[in-house]
Amino acid sequence: MAYILKGETGDWEVVIGLEVHAQVVSNAKLFSGAPTTFGAEPNSQVSFIDAGMPGMLPVINEHCVAQAVKTGLGLKAKINKCSVFARKNYFYADLPQGYQISQYDQPIVGEGAIVLDMPDGSTRAIGVERLHLEQDAGKSIHDMHPQKTFIDLNRAGVGLMEIVSKPDLRSPEEAGLYLKKLRSILRYLGTCDGNMEEGSMRCDANVSVRPVGSNELRTRCEIKNVNSVRFVMMAIEHEARRHIEVYDAGGTINQETRLYDANRDETRSMRSKEMAHDYRYFPDPDLLPLVLDDAFIAKLKSELPELPDDKKNRFVKDYGLTAYDADVLVSERENAQFFETVAKGRDAKIAANWVISNLFGVLNKQGKAIAESPVSADDLGALLDLLADNTLSSRMAKEVFEIMVDTGKAPGAIVEERGMKQVTDTGAIEAAVDKIMAENPDKVAEIRAGKDKLIGWFTGQAMKATQGKANPAMLAELLKKKLAP
Amino acid sequence: MSLDKATVRRIATLARIEVPEADLEPLAGELSGILGWIEQLQEVDTSAVAPMTGGTDVKLPWRADVANDGGMAEAVTANAPDAQGAFFTVPKVVE
Amino acid sequence: MTLTSLTIAEARDQLRAKKISAVELTEAHLAEMTKQKALNAFVTETPDIARARAKEADAALAKGDAPALTGIPLGIKDLFCTEGVLTTASSHILDGFKPRYESTVTAKLKAAGSVMLGKLNLDEFAMGSSTTTSYYGPTINPWKAKGSGADLVPGGSSGGSAAAVAGGLAMGATGTDTGGSIRQPAAFAGIVGVKPTYGRCSRWGVVAFASSLDQPGPMTRTVRDSAIMLQAMCGHDPKDSTSSKLAVPDFEKALSRGVKGLKIGIPKEYRPDGLNAEVAALWDQGIAWLKDAGATPVDVSLPHTKYALPTYYIVAPAEASSNLARYDGVRFGLRVAGQSLDEMYSKTRAAGFGPEVRRRILIGTYVLSAGYYDAYYLKAQKVRALIARDFEQAFTQCDALLTPTAPTPAFAIGAKFDDPVAMYLNDVFTVPASLAGIPGSSVPAGLTSTGLPLGLQVLTKRWDEETMFAVSQTLEDAAAFKRLV
């Protein structure tokens, strides 16, 4: 369904491009040997290079290069065998060198695509314009002193991948799906942890609007550093409506950088960025062109994991899952792996159902990731085995599952301990049924006379007599036979 | 190529060098002189030439991904004109 | 013969033969520094360090375990960062800066056993050809014109180094050469200066001026001393991405090769109309000496020579404008208070940089700015490629080039130049080799009629310092130049 905003003068569509800054997973920074760990003591993860000391020189981290190439391959993008590091010159308190080492007209990765899985089961490909490597800046802290801003350079020089989409996105929802999918791919590849709260994945959104049916690209505004998927979606919607209001009133939009304020749900112009920027890019003379050989790229390609799209297709094809279920399962690599362990040698649909409905339900409620699941994949599989071999009824299985969640014990042990084994001995069930029939001849007569509803009463009594352990299917069959008119 | 005062003011701002208003005019003259002299490059035909990058023919070396630096906040901030604890400071920035 | 007039090679032998001690050699130089303080060769003297290192040197010599430069007193251009010792680049903006690290070159010289006497004066940030732009005042050339007491410049930017070595204050000194900053002052002060191939000596820890051009090298009284010193200074440094991994040849061994059978290129573009007659005559003399020694002079052409200076005055200021952005009053050096961040930056940089540095930063900022990059910087890098190609082609016809080092002898301090460009013309013969990255030396070869030294420049192809040394040695032998000390 197309996302159309109603304005006073007509219908509008929104045109969105996203620039994502993804922190490269690496031990050391992009051009120095200082560590990258989050949350360390101020300036404790800073080398003289990161601090922009006189005479210090950058040397590129091989792993960061590999991570960028890997990400490019994961986005099915063109890998540029020769790319160039350029200096982006500007003054800012958290930019110690007075320039950021980035890539400009020759990035390491060229065009690629990200496939969005739309809620209706269809897919939509969004173009990736480029991916380049660059240094992160440090951190300014404004609330530690009335007249001063404090500077911590721990983050300065950490490797970032800037991933720029084409202006292909048409709704806040698509922007959200794009971010989630990109995050998923990055996490599969292990090239970025995708943690938006800690800032290891940050997003700038370029937003413009145009009348429905038009192909023009109107003036866009860049909304900086929005730190959650939900806020990105809210910021886009707000910004689009702001544009429409301006156009409806006969005004024009100025190209500018804006900041989203989540508390007020509004964007405002960043005055500090208003001064005309002139970054004076030029190739960094301290670094030579980055040349990749075929063997380097081939090796990374051979090491690529199965990515979400391929995994999803396989789940649908091999396991017979619905596209929706497959989507849910593959969004995180660990979830998919958990599912596959549970499904191995078992009914995959039942496994998917248990993982999605029961396990994910519990994890969501507890705010836990799959790695912290109180129930292991093997134990959940064992539970499904007990269900399959009729040791447990499905009601009992759910009961056992809850105990597993609470205690972390294996299902076999729980069944043993609590004597929860379902009764499948026909003789035992028959004895119980016979006893009930003997004690309630009137009810037997009624049911035989046609009062079918009473079957439920008999089932209940029999379950009660067997402490709920009677195999429901066997019991039903027995009752049907014995109470037949 | 001759620079006017406004251009000198703009590049001085870009370079973050305060230039007193009275100095703009003479500076514009000096810089224009240098640029005028540089202008002779335009007569060289470079249509079939790739620009030189860097000063050398060596291959860009790569460093292993080993965290073996940092852990010296004291040394990093030792020369700072106004360090506060382990932080550098600047006049308050208002976003 | 006094201790301060020994060459490095002589002192090396006498120290090993225990004829002299490192301590007395150092004391003699410290005394000479005091005696000739008026030259203003040093920004910072480090007698305590010198004495301590001399003692260590004597201990090493006694053990018979002494590397090449053990006990040799050297001066260090104040562009090299020296751990715990004030490092200024002769700029006000580096007030009080004591690096917590040691440049690779000075660390190597230290490891080779040399004794650091102090930090030598230079043009501010190495921008100049006269050592008059230093915040610490001009350095005076120990040479005087016959019958005149006028103070002359020692050339620049390594003018402190040239004056100290020529005057017997140090046995040798480090210099750095961006467009002639080793060779031109060597010529002005009647000493030997060697700019090795770009990438031969590490730039790590050397305050950057123009990264694609800067190259450290030795300044000594003899060609042999330069070979000995360069051997200790150079070699691959993994901390500098532009440092070469090529094996370093034995430079001292190359000195005795002679020039028999070599073809010596004489570039016609270095003999413009109006070339100083004495300079031209000495050049002819040099050609004759080499011919006498068995070499064959050949006429060659370097057609883009006239574009070298304008190319240099785009490339070098552009890189400098970016390299000097880090001097912002935040992490080291001078800070002038301001109400806002930008005001602090602008006031600090206005007060901290001298007029020539400011001028070059502005030029560099302009040529990189939006709309001008292609016309200036990109154009210059293309012309630079043509200049490098000129040399490549010339070296298919000859083994080395012989040219004058500078168009004039040393001029008076305070000599008026109509405009900055007139001053830039000092580097007309040295800049082309810098742009091409090839090695070059200046050898003192004669005196003007007023008794001022003139130098001849020897250029060879990349990584062929051996031929450069062989030709230089032959010139030195033939010239029998009478040194000041």
State which residue is farthest from C:Asp214 (Cα to Cα) when the search covers only segment C:299-325 and only residues that are more than 7 Å from every other protein chain (Cβ to nearest Cβ), touching a Leu at 6+ places or on another chain (Cβ under 8 Å) and among the β-branched types (Val, Ile, Thr). C:Val300
Residues located in segment A:170-182, provided they are in a helix (DSSP H, G or I), closer than 14 Å to A:Val232 by Cα and among the basic types (Lys, Arg): A:Lys180
Which residue out of C:Asp237, C:Asp299, C:Asp292 is within 22 Å of C:Tyr198 (Cβ to Cβ), of a type in the set (Asp, Glu) and in contact with a helix residue (DSSP H, G or I) (Cβ under 9 Å, 6 or more places away or on another chain)? C:Asp237
Here's a check for you: in segment C:326-367, which residue that is among the aromatic types (Phe, Trp, Tyr) and assigned to a loop (DSSP other than H, G, I, E, B) is nearest to the other protein chains (Cβ to nearest Cβ)? C:Phe332
Members of segment A:364-408 that are exposed (fewer than 15 other Cβ atoms within 10 Å of the Cβ) and not in a helix (DSSP H, G or I): A:Gly367, A:Lys368, A:Ala369, A:Asp389, A:Asn390, A:Gly408
Please specify each residue of segment A:246-270 satisfying the condition of being more than 18 Å from B:Val94 (Cβ to Cβ) and among the small types (Gly, Ala, Ser). A:Ala249, A:Gly250, A:Gly251, A:Ala262
Of the conditions (1) in a strand (DSSP E or B); (2) β-branched (Val, Ile, Thr); (3) in contact with a Gly (Cβ under 7 Å, 6 or more places away or on another chain), A:Ile185 satisfies every one except a single condition; which number is it? (1)
If I filter segment A:57-69 for residues that are farther than 30 Å from C:Tyr101 by Cβ and not polar (S, T, N, Q), do I get at least one hit? yes
Selection count, segment C:134-161, where residues are under 8 Å from the mean Cα position of the chain (by Cα) and aliphatic (A, V, I, L, M): 0
If only one of A:Leu57, A:Leu18, A:Leu73 is more than 9 Å from chain B (Cβ to nearest Cβ), part of a loop (DSSP other than H, G, I, E, B) and at pLDDT 95 or above, which one is it? A:Leu57
Answer yes or no as to whether C:Arg183 is surrounded by 24 or more Cβ atoms within 10 Å (Cβ to Cβ), within 30 Å of C:Ala60 (Cα to Cα) and within 17 Å of the chain's Cα centre (by Cα). no
Test result for C:Thr87, of a type in the set (Val, Ile, Thr), in contact with a helix residue (DSSP H, G or I) (Cβ under 8 Å, 6 or more places away or on another chain) and at the interface with another protein chain (Cβ under 10 Å from one of its Cβ atoms): yes
Unique match (being of a type in the set (Asp, Glu) and within 14 Å of chain A (Cβ to nearest Cβ)) among C:Asp237, C:Asp225, C:Asp250: C:Asp237
Verdict on C:Ser161 being surrounded by 24 or more Cβ atoms within 10 Å (Cβ to Cβ) and within 14 Å of chain A (Cβ to nearest Cβ): no
Got a sec? Which of A:Ala175, A:Ala113, A:Ala137 is among the hydrophobic types (A, V, I, L, M, F, W, C), at pLDDT 95 or above and within 29 Å of B:Gly70 (Cβ to Cβ)? A:Ala137
Any chance segment C:381-392 includes a residue that's within 17 Å of the chain's Cα centre (by Cα), of a type in the set (Phe, Trp, Tyr) and crowded, with 23+ Cβ neighbours inside 10 Å? no
Filter segment C:396-445 down to the residues that are under 16 Å from C:Lys195 (Cβ atoms) and polar (S, T, N, Q), then identify the one that is nearest to the other protein chains (Cβ to nearest Cβ). C:Ser434
Taking segment C:47-82 and keeping only residues that are within 19 Å of C:Arg100 (Cα to Cα) and within 21 Å of the chain's Cα centre (by Cα), one is left with C:Ile76, C:Lys77, C:Asp78, C:Leu79, C:Phe80, C:Cys81, C:Thr82
Those residues of segment A:76-94 which are touching an Asp or Glu at 6+ places or on another chain (Cβ under 9 Å), of a type outside the set (Lys, Arg) and touching a residue at least 12 places away in the same chain (Cβ under 8 Å), in sequence order: A:Ala77, A:Val84, A:Phe85, A:Ala86, A:Asn89, A:Tyr90, A:Ala93, A:Asp94
What about A:Pro146, is it facing another protein chain (nearest Cβ under 10 Å), part of a loop (DSSP other than H, G, I, E, B) and not basic (Lys, Arg)? yes
Are any of the residues in segment C:147-157 under 23 Å from C:Glu83 (Cα atoms) and modelled with pLDDT of 95 or more? yes
For the list (1) within 14 Å of chain A (Cβ to nearest Cβ); (2) over 26 Å from C:Ala385 (Cβ atoms); (3) part of a strand (DSSP E or B), I need the number of the one condition that C:Gly193 fails. (1)
How many residues are in a helix (DSSP H, G or I) and under 19 Å from C:Ile93 (Cα atoms) when one looks only at segment C:116-159? 3
Going by what's in this entry, would A:Gln100 be described as within 14 Å of chain C (Cβ to nearest Cβ), in contact with a strand residue (DSSP E or B) (Cβ under 8 Å, 6 or more places away or on another chain) and closer than 20 Å to A:Thr71 by Cα? no
If we only count helices (runs of 4 or more DSSP H) wholly inside segment A:411-485, which ones have 3 or more residues that are within 27 Å of A:Gly381 (Cα to Cα) and touching a residue at least 12 places away in the same chain (Cβ under 8 Å)? A:411-418, A:472-482
Is it fair to say A:Ile114 is in contact (Cβ under 8 Å) with a residue 60 or more places away in the chain and in contact with a Lys or Arg (Cβ under 7 Å, 6 or more places away or on another chain)? yes
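Quick grid of which residues meet (1) buried (at least 16 other Cβ atoms within 10 Å of the Cβ); (2) of a type in the set (A, V, I, L, M); (3) in contact with a Lys or Arg (Cβ under 9 Å, 6 or more places away or on another chain); (4) modelled with pLDDT of 95 or more:
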| residue | (1), (2), (3), (4) |
| --- | --- |
| A:Arg187 | yes, no, yes, yes |
| A:Cys192 | yes, no, yes, yes |
| A:Glu198 | no, no, no, no |
| A:Val209 | yes, yes, yes, yes |
| A:Lys224 | yes, no, yes, no |
If you go through segment A:271-278 one residue at a time, do you hit one that is more than 14 Å from chain C (Cβ to nearest Cβ), outside any strand (DSSP E or B), of a type outside the set (Gly, Ala, Ser) and within 29 Å of A:Arg183 (Cα to Cα)? no
Listed residues A:Asp50, A:Asp105, A:Asp94; which is crowded, with 23+ Cβ neighbours inside 10 Å, within 14 Å of chain C (Cβ to nearest Cβ) and among the acidic types (Asp, Glu)? A:Asp50
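The values are calculated or read from the model by the stated rules, or taken from the named source; none is laboratory data. Quick caveat, the model's predicted, so the values are computed rather than measured. Here Cβ is always computed from backbone atoms with ideal geometry, including for glycine, and neighbour counts include all displayed protein chains.
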